[in-house]
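The values are calculated or read from the model by the stated rules, or taken from the named source; none is laboratory data. As the structure is a prediction and not an experimental result, all values here were calculated from the model. Glycine also receives a Cβ, built like all others from the backbone with ideal geometry; neighbour counts cover every protein chain displayed.
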Amino acid sequence: MPRYLVDLRPRVTERTPLLKIVSEPVVEKVTEASLAPAPLETAGESEISLEEMLRAAQEEPPKQKRILIAGASGAIGYPLLGLAKDAGYWVRSLSKSRWRAPKVSLLADELWLRDAMDRDAIRGICQGAEVVISCLGGSLDPRVPEKRGFTHLDFDANRHLLDEAVEAKVRRFVYVSVYGTKYSENSAFVRAHRRFENALRDSGLEFTILRFAGIHATPDALISNAREGYRPIFGDNHSRTNPIHPADAAQICFEHLIQGPEVVEAGGPDILTRRELSEMVSGYAGVTPKPYRMPAVLQRLTSGLTRPFNPRKANLREFAFRASRADAIAPRVGTRSLSSYLLAHREAASLAQETA
(Lines give C-alpha, C1' and ligand atoms only; values in the text may rest on other atoms or scores of the structure.)
Protein backbone atom coordinates (compact mmCIF):
# COMPACT_ATOMS: atom_id res chain seq x y z
CA MET A 1 0.00 0.00 0.00
CA PRO A 2 1.26 3.52 -0.69
CA ARG A 3 2.58 5.44 2.27
CA TYR A 4 1.71 9.09 2.83
CA LEU A 5 3.70 11.76 4.62
CA VAL A 6 1.99 13.13 7.73
CA ASP A 7 2.69 16.45 9.45
CA LEU A 8 3.82 15.31 12.90
CA ARG A 9 4.15 18.75 14.48
CA PRO A 10 1.93 19.19 17.57
CA ARG A 11 -1.35 20.88 16.83
CA VAL A 12 -2.27 24.02 18.85
CA THR A 13 -5.92 23.88 19.87
CA GLU A 14 -6.11 27.37 21.42
CA ARG A 15 -4.56 30.29 19.61
CA THR A 16 -3.98 33.83 20.95
CA PRO A 17 -5.44 36.48 18.62
CA LEU A 18 -2.71 38.27 16.73
CA LEU A 19 -4.77 41.49 16.53
CA LYS A 20 -6.93 43.18 19.16
CA ILE A 21 -10.25 44.36 17.82
CA VAL A 22 -11.37 47.58 19.49
CA SER A 23 -14.53 49.61 19.10
CA GLU A 24 -12.85 52.95 18.54
CA PRO A 25 -9.44 53.89 17.13
CA VAL A 26 -6.59 54.40 19.54
CA VAL A 27 -3.89 56.94 18.74
CA GLU A 28 -0.63 56.18 20.41
CA LYS A 29 2.00 58.79 21.01
CA VAL A 30 5.31 58.02 19.36
CA THR A 31 8.15 58.00 21.86
CA GLU A 32 11.68 56.66 21.99
CA ALA A 33 10.43 53.72 24.05
CA SER A 34 7.89 52.81 21.38
CA LEU A 35 10.59 52.72 18.73
CA ALA A 36 12.67 50.19 20.71
CA PRO A 37 12.60 46.57 19.36
CA ALA A 38 10.11 44.26 20.97
CA PRO A 39 11.53 41.69 23.39
CA LEU A 40 12.06 38.18 22.02
CA GLU A 41 9.50 35.58 22.95
CA THR A 42 10.64 32.95 25.39
CA ALA A 43 10.28 29.26 24.64
CA GLY A 44 7.27 29.03 26.91
CA GLU A 45 5.43 31.91 25.20
CA SER A 46 5.81 30.71 21.58
CA GLU A 47 3.22 28.46 19.98
CA ILE A 48 5.82 25.79 19.07
CA SER A 49 9.13 25.79 20.88
CA LEU A 50 12.44 25.00 19.22
CA GLU A 51 12.67 21.80 21.22
CA GLU A 52 9.25 20.68 19.97
CA MET A 53 10.18 21.43 16.36
CA LEU A 54 13.38 19.40 16.64
CA ARG A 55 11.52 16.54 18.30
CA ALA A 56 8.88 16.54 15.54
CA ALA A 57 11.55 16.52 12.84
CA GLN A 58 13.24 13.53 14.46
CA GLU A 59 9.94 11.66 14.65
CA GLU A 60 9.25 12.04 10.92
CA PRO A 61 9.59 8.73 9.06
CA PRO A 62 12.81 8.35 7.03
CA LYS A 63 12.52 8.71 3.30
CA GLN A 64 12.30 5.33 1.55
CA LYS A 65 15.24 4.35 -0.61
CA ARG A 66 14.13 3.89 -4.19
CA ILE A 67 15.58 1.06 -6.25
CA LEU A 68 14.95 -0.46 -9.65
CA ILE A 69 15.03 -4.24 -10.13
CA ALA A 70 15.30 -5.21 -13.79
CA GLY A 71 14.26 -8.79 -14.44
CA ALA A 72 12.05 -8.83 -11.33
CA SER A 73 10.01 -11.80 -12.55
CA GLY A 74 13.03 -14.09 -12.96
CA ALA A 75 14.56 -16.79 -10.76
CA ILE A 76 16.76 -14.27 -8.89
CA GLY A 77 14.79 -11.07 -9.39
CA TYR A 78 11.56 -12.26 -7.77
CA PRO A 79 13.03 -13.42 -4.42
CA LEU A 80 15.16 -10.27 -4.44
CA LEU A 81 11.98 -8.21 -4.84
CA GLY A 82 10.57 -9.86 -1.72
CA LEU A 83 13.72 -9.16 0.29
CA ALA A 84 13.76 -5.52 -0.77
CA LYS A 85 10.12 -4.95 0.17
CA ASP A 86 10.59 -6.64 3.55
CA ALA A 87 13.48 -4.25 4.20
CA GLY A 88 11.31 -1.21 3.45
CA TYR A 89 12.59 -0.24 -0.02
CA TRP A 90 10.37 1.45 -2.59
CA VAL A 91 10.78 -0.77 -5.65
CA ARG A 92 10.20 -0.13 -9.33
CA SER A 93 10.34 -3.35 -11.35
CA LEU A 94 11.07 -4.03 -14.99
CA SER A 95 9.90 -7.21 -16.69
CA LYS A 96 8.73 -8.24 -20.12
CA SER A 97 6.88 -11.38 -18.99
CA ARG A 98 3.15 -10.70 -19.10
CA TRP A 99 2.11 -13.97 -17.51
CA ARG A 100 4.40 -13.36 -14.52
CA ALA A 101 3.35 -9.73 -14.15
CA PRO A 102 0.46 -10.38 -11.70
CA LYS A 103 2.70 -11.90 -9.02
CA VAL A 104 5.26 -9.10 -9.43
CA SER A 105 2.55 -6.46 -9.11
CA LEU A 106 1.63 -7.83 -5.67
CA LEU A 107 5.02 -6.72 -4.32
CA ALA A 108 6.38 -3.95 -6.55
CA ASP A 109 5.38 -0.34 -5.96
CA GLU A 110 5.63 0.34 -9.68
CA LEU A 111 5.67 -2.16 -12.53
CA TRP A 112 7.09 -1.48 -15.98
CA LEU A 113 6.04 -4.18 -18.42
CA ARG A 114 8.55 -3.37 -21.15
CA ASP A 115 11.32 -5.01 -23.20
CA ALA A 116 14.70 -3.44 -22.46
CA MET A 117 15.80 -4.34 -25.97
CA ASP A 118 13.76 -1.29 -27.04
CA ARG A 119 15.55 1.79 -25.68
CA ASP A 120 12.58 4.06 -26.30
CA ALA A 121 10.31 1.75 -24.28
CA ILE A 122 12.33 2.27 -21.09
CA ARG A 123 12.96 6.01 -21.36
CA GLY A 124 12.99 7.55 -17.89
CA ILE A 125 12.82 4.23 -16.05
CA CYS A 126 15.75 5.13 -13.79
CA GLN A 127 14.51 8.56 -12.79
CA GLY A 128 14.37 8.87 -9.01
CA ALA A 129 16.13 5.57 -8.36
CA GLU A 130 19.23 5.49 -6.18
CA VAL A 131 20.28 1.94 -7.06
CA VAL A 132 19.68 -0.18 -10.16
CA ILE A 133 20.15 -3.94 -10.03
CA SER A 134 19.97 -5.85 -13.28
CA CYS A 135 19.05 -9.53 -13.45
CA LEU A 136 18.31 -9.13 -17.16
CA GLY A 137 19.65 -11.72 -19.55
CA GLY A 138 18.87 -14.56 -21.90
CA SER A 139 17.51 -17.75 -20.37
CA LEU A 140 19.44 -21.01 -20.54
CA ASP A 141 16.16 -22.94 -20.64
CA PRO A 142 16.04 -24.63 -24.06
CA ARG A 143 12.22 -24.53 -24.01
CA VAL A 144 12.09 -20.73 -24.19
CA PRO A 145 10.92 -19.69 -27.68
CA GLU A 146 13.26 -16.66 -27.81
CA LYS A 147 15.50 -16.77 -30.90
CA ARG A 148 17.65 -13.65 -30.48
CA GLY A 149 21.26 -14.35 -29.58
CA PHE A 150 22.89 -13.56 -26.25
CA THR A 151 24.71 -10.56 -27.66
CA HIS A 152 21.33 -8.84 -27.95
CA LEU A 153 19.71 -10.37 -24.88
CA ASP A 154 22.58 -9.83 -22.44
CA PHE A 155 24.56 -6.90 -23.81
CA ASP A 156 22.14 -4.67 -25.72
CA ALA A 157 19.32 -4.83 -23.14
CA ASN A 158 21.66 -4.09 -20.24
CA ARG A 159 23.45 -1.36 -22.18
CA HIS A 160 20.14 0.45 -22.72
CA LEU A 161 19.46 0.20 -18.99
CA LEU A 162 22.95 1.47 -18.17
CA ASP A 163 22.55 4.46 -20.47
CA GLU A 164 19.32 5.33 -18.68
CA ALA A 165 21.04 4.96 -15.29
CA VAL A 166 23.87 7.30 -16.31
CA GLU A 167 21.42 9.84 -17.68
CA ALA A 168 19.38 9.74 -14.44
CA LYS A 169 22.58 10.03 -12.34
CA VAL A 170 21.93 6.82 -10.44
CA ARG A 171 24.39 6.34 -7.58
CA ARG A 172 24.99 2.58 -7.92
CA PHE A 173 24.52 -0.27 -10.42
CA VAL A 174 24.56 -3.98 -9.46
CA TYR A 175 24.85 -6.49 -12.29
CA VAL A 176 24.21 -10.26 -12.21
CA SER A 177 26.82 -11.86 -14.47
CA VAL A 178 28.21 -15.38 -14.94
CA TYR A 179 31.24 -17.23 -13.58
CA GLY A 180 33.42 -18.53 -16.40
CA THR A 181 36.43 -20.71 -17.13
CA LYS A 182 39.18 -20.35 -19.68
CA TYR A 183 37.11 -22.46 -22.08
CA SER A 184 33.69 -20.89 -21.57
CA GLU A 185 35.06 -17.32 -21.70
CA ASN A 186 35.19 -17.60 -25.48
CA SER A 187 31.52 -18.53 -25.86
CA ALA A 188 29.00 -15.97 -27.09
CA PHE A 189 27.08 -16.27 -23.81
CA VAL A 190 30.01 -15.32 -21.57
CA ARG A 191 31.44 -12.80 -24.03
CA ALA A 192 28.19 -10.82 -23.91
CA HIS A 193 28.41 -10.62 -20.10
CA ARG A 194 32.07 -9.59 -20.11
CA ARG A 195 31.40 -6.95 -22.74
CA PHE A 196 28.78 -5.35 -20.54
CA GLU A 197 31.04 -5.60 -17.48
CA ASN A 198 33.57 -3.47 -19.36
CA ALA A 199 30.87 -0.95 -20.29
CA LEU A 200 29.83 -0.77 -16.65
CA ARG A 201 33.41 -0.10 -15.54
CA ASP A 202 33.67 2.74 -18.05
CA SER A 203 30.34 4.31 -17.02
CA GLY A 204 31.71 6.14 -13.98
CA LEU A 205 28.98 4.69 -11.73
CA GLU A 206 29.65 2.89 -8.47
CA PHE A 207 29.07 -0.80 -9.21
CA THR A 208 29.28 -4.44 -8.15
CA ILE A 209 29.40 -7.38 -10.56
CA LEU A 210 28.04 -10.67 -9.21
CA ARG A 211 29.36 -13.77 -10.99
CA PHE A 212 27.42 -16.92 -10.16
CA ALA A 213 28.54 -20.44 -11.13
CA GLY A 214 25.19 -21.23 -12.68
CA ILE A 215 21.75 -21.00 -11.12
CA HIS A 216 19.52 -23.93 -10.23
CA ALA A 217 17.31 -23.78 -13.30
CA THR A 218 13.57 -23.91 -12.89
CA PRO A 219 12.60 -27.45 -11.82
CA ASP A 220 9.99 -27.67 -14.54
CA ALA A 221 12.68 -27.22 -17.19
CA LEU A 222 15.09 -29.69 -15.56
CA ILE A 223 12.45 -32.36 -15.06
CA SER A 224 10.96 -31.84 -18.51
CA ASN A 225 14.37 -32.28 -20.12
CA ALA A 226 15.06 -35.38 -18.01
CA ARG A 227 11.79 -36.98 -19.07
CA GLU A 228 12.77 -36.64 -22.71
CA GLY A 229 14.94 -39.69 -22.17
CA TYR A 230 18.09 -39.47 -24.26
CA ARG A 231 20.08 -36.36 -23.53
CA PRO A 232 23.41 -35.41 -25.12
CA ILE A 233 26.43 -34.84 -22.90
CA PHE A 234 28.82 -32.25 -24.29
CA GLY A 235 32.48 -32.46 -23.43
CA ASP A 236 33.59 -34.23 -20.26
CA ASN A 237 30.75 -35.52 -18.09
CA HIS A 238 33.20 -35.69 -15.15
CA SER A 239 33.78 -31.94 -15.09
CA ARG A 240 32.49 -30.36 -11.89
CA THR A 241 30.54 -27.27 -10.96
CA ASN A 242 28.58 -25.86 -8.01
CA PRO A 243 25.44 -24.00 -9.15
CA ILE A 244 23.78 -21.77 -6.59
CA HIS A 245 20.20 -21.72 -5.32
CA PRO A 246 18.19 -18.72 -6.60
CA ALA A 247 17.30 -17.71 -3.03
CA ASP A 248 20.98 -17.66 -2.06
CA ALA A 249 21.81 -15.63 -5.17
CA ALA A 250 19.02 -13.17 -4.32
CA GLN A 251 20.36 -12.82 -0.77
CA ILE A 252 23.85 -12.05 -2.09
CA CYS A 253 22.36 -9.44 -4.43
CA PHE A 254 20.48 -7.87 -1.53
CA GLU A 255 23.61 -7.71 0.64
CA HIS A 256 25.39 -5.70 -2.07
CA LEU A 257 22.62 -3.22 -2.86
CA ILE A 258 24.18 -0.36 -0.92
CA GLN A 259 27.88 -1.13 -1.13
CA GLY A 260 30.34 -3.85 -2.05
CA PRO A 261 33.47 -4.76 -3.99
CA GLU A 262 33.62 -4.46 -7.75
CA VAL A 263 33.46 -8.23 -8.37
CA VAL A 264 31.91 -11.00 -6.24
CA GLU A 265 32.07 -14.67 -7.28
CA ALA A 266 29.77 -17.22 -5.65
CA GLY A 267 28.54 -20.78 -6.00
CA GLY A 268 26.52 -23.32 -4.08
CA PRO A 269 27.69 -25.65 -1.28
CA ASP A 270 27.69 -28.88 -3.33
CA ILE A 271 30.31 -29.63 -5.98
CA LEU A 272 28.85 -32.10 -8.48
CA THR A 273 29.91 -33.58 -11.79
CA ARG A 274 27.76 -33.04 -14.86
CA ARG A 275 26.72 -36.70 -14.73
CA GLU A 276 25.76 -36.44 -11.05
CA LEU A 277 23.63 -33.41 -11.83
CA SER A 278 21.86 -35.31 -14.60
CA GLU A 279 21.29 -38.37 -12.42
CA MET A 280 19.95 -36.30 -9.52
CA VAL A 281 17.43 -34.46 -11.68
CA SER A 282 16.39 -37.68 -13.42
CA GLY A 283 15.84 -39.30 -10.04
CA TYR A 284 13.45 -36.57 -8.95
CA ALA A 285 11.75 -36.77 -12.34
CA GLY A 286 11.21 -40.50 -11.81
CA VAL A 287 13.07 -41.60 -14.95
CA THR A 288 16.26 -43.48 -15.69
CA PRO A 289 18.86 -41.21 -17.26
CA LYS A 290 20.04 -42.32 -20.70
CA PRO A 291 22.57 -39.72 -21.76
CA TYR A 292 24.71 -40.16 -24.84
CA ARG A 293 27.90 -38.38 -25.81
CA MET A 294 27.88 -36.02 -28.77
CA PRO A 295 31.23 -35.76 -30.56
CA ALA A 296 32.76 -32.28 -30.63
CA VAL A 297 32.74 -32.21 -34.45
CA LEU A 298 29.03 -33.00 -34.56
CA GLN A 299 28.34 -30.41 -31.87
CA ARG A 300 30.10 -27.67 -33.84
CA LEU A 301 28.33 -28.72 -37.03
CA THR A 302 24.84 -28.62 -35.49
CA SER A 303 25.60 -25.31 -33.81
CA GLY A 304 26.75 -23.77 -37.09
CA LEU A 305 23.70 -25.03 -38.99
CA THR A 306 21.33 -23.74 -36.30
CA ARG A 307 22.85 -20.25 -35.97
CA PRO A 308 21.15 -18.59 -39.02
CA PHE A 309 17.68 -19.76 -37.93
CA ASN A 310 17.96 -19.67 -34.13
CA PRO A 311 21.04 -17.80 -32.83
CA ARG A 312 20.12 -18.34 -29.20
CA LYS A 313 19.88 -22.13 -29.52
CA ALA A 314 23.21 -22.19 -31.35
CA ASN A 315 24.76 -20.09 -28.56
CA LEU A 316 23.31 -22.51 -25.98
CA ARG A 317 24.95 -25.52 -27.60
CA GLU A 318 28.25 -23.70 -27.88
CA PHE A 319 28.19 -22.68 -24.23
CA ALA A 320 27.17 -26.16 -23.04
CA PHE A 321 30.10 -27.69 -24.88
CA ARG A 322 32.70 -25.16 -23.71
CA ALA A 323 31.45 -25.02 -20.10
CA SER A 324 31.68 -28.79 -19.75
CA ARG A 325 35.31 -29.04 -20.84
CA ALA A 326 36.68 -28.05 -17.42
CA ASP A 327 35.66 -27.54 -13.80
CA ALA A 328 33.73 -24.34 -13.07
CA ILE A 329 33.82 -24.13 -9.26
CA ALA A 330 33.18 -20.74 -7.67
CA PRO A 331 33.67 -19.91 -3.96
CA ARG A 332 31.04 -21.83 -1.98
CA VAL A 333 28.97 -18.98 -0.56
CA GLY A 334 25.45 -20.39 -0.89
CA THR A 335 23.99 -22.70 1.76
CA ARG A 336 21.05 -24.36 -0.04
CA SER A 337 21.60 -27.59 -1.99
CA LEU A 338 20.12 -28.63 -5.32
CA SER A 339 18.49 -31.66 -3.67
CA SER A 340 16.59 -29.46 -1.21
CA TYR A 341 15.51 -27.23 -4.09
CA LEU A 342 14.13 -30.13 -6.12
CA LEU A 343 12.51 -31.70 -3.05
CA ALA A 344 10.73 -28.45 -2.18
CA HIS A 345 9.48 -28.20 -5.76
CA ARG A 346 8.20 -31.78 -5.72
CA GLU A 347 6.36 -31.22 -2.43
CA ALA A 348 4.80 -28.03 -3.80
CA ALA A 349 3.70 -29.86 -6.95
CA SER A 350 2.16 -32.67 -4.88
CA LEU A 351 0.27 -30.18 -2.72
CA ALA A 352 -1.04 -28.41 -5.81
CA GLN A 353 -2.36 -31.72 -7.18
CA GLU A 354 -4.09 -32.55 -3.85
CA THR A 355 -5.85 -29.19 -3.68
CA ALA A 356 -6.84 -29.16 -7.35
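The table that follows gives values for the structure above.
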read-out: Subset of region 323-356 (residues that are touching a helix residue (DSSP H, G or I) at 6+ places or on another chain (Cβ under 7 Å) and at pLDDT below 80); value: Ala323, Ser324, His345, Arg346
read-out: Condition met for Leu272 (among the aliphatic types (A, V, I, L, M) and at pLDDT 80 or above); value: yes
read-out: Qualifying position, being in contact with a Leu (Cβ under 7 Å, 6 or more places away or on another chain) and within 21 Å of Gln251 (Cα to Cα), among Ser203, Ser139, Ser134; value: Ser134
read-out: Residues of region 182-216 classified as out of contact with any helix residue (DSSP H, G or I) (no Cβ under 6 Å at 6 or more places or on another chain), surrounded by fewer than 20 Cβ atoms within 10 Å (Cβ to Cβ) and in a loop (DSSP other than H, G, I, E, B), total; value: 5
